[in-house]
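Okay, structure first, notes after.
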Amino acid sequence: MSRDAAPADTCPRCGERFHCGVQDAAPCPCTTIPLDAATLAALRERYDGCLCLRCLADLAATPHPGPLPASGARE
């Protein structure tokens, strides 16, 4: 079964299943989501593994001067 057939990863922020493209031949779509250095550092401290595109887009769209907010789903 190919990785595209079914999501194989779980977002540590929202708990949703998704496909992480880090092992794909093309660059992962997450590389197109701009995150500032402080947000990236906070993500690395708080989570192991990749976040889904929806969570990354949410974090990119909202300025976070303090601790990163949890998503509405389970954490």
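The set of residues in segment 40-75 being modelled with pLDDT under 90 and open to solvent by 100 Å² or more (accessible area, probe 1.4 Å) consists of Asp48, Pro63, Pro65, Pro67, Arg74, Glu75.
If you go through segment 29-65 and keep only what is assigned to a helix (DSSP H, G or I) and of a type in the set (Gly, Ala, Ser), you end up with Ala37, Ala38, Ala41, Ala42, Ala57, Ala60, Ala61. The residue that is surrounded by the most Cβ atoms within 10 Å (Cβ to Cβ), counting only those in segment 1-19 that are modelled with pLDDT of 90 or more and in a loop (DSSP other than H, G, I, E, B), is Arg13.
The values are calculated or read from the model by the stated rules, or taken from the named source; none is laboratory data. If you're wondering where the values come from, they're calculated on a predicted model, not measured in any experiment. Cβ sites come from the backbone with ideal geometry, for glycine too, and all protein chains shown count toward neighbours. Quick note on the areas: whole protein, heavy atoms, side chains included, nothing else; ligands and nucleic acids left out. Shrake-Rupley method; radii C 1.70, N 1.55, O 1.52, S 1.80 Å.
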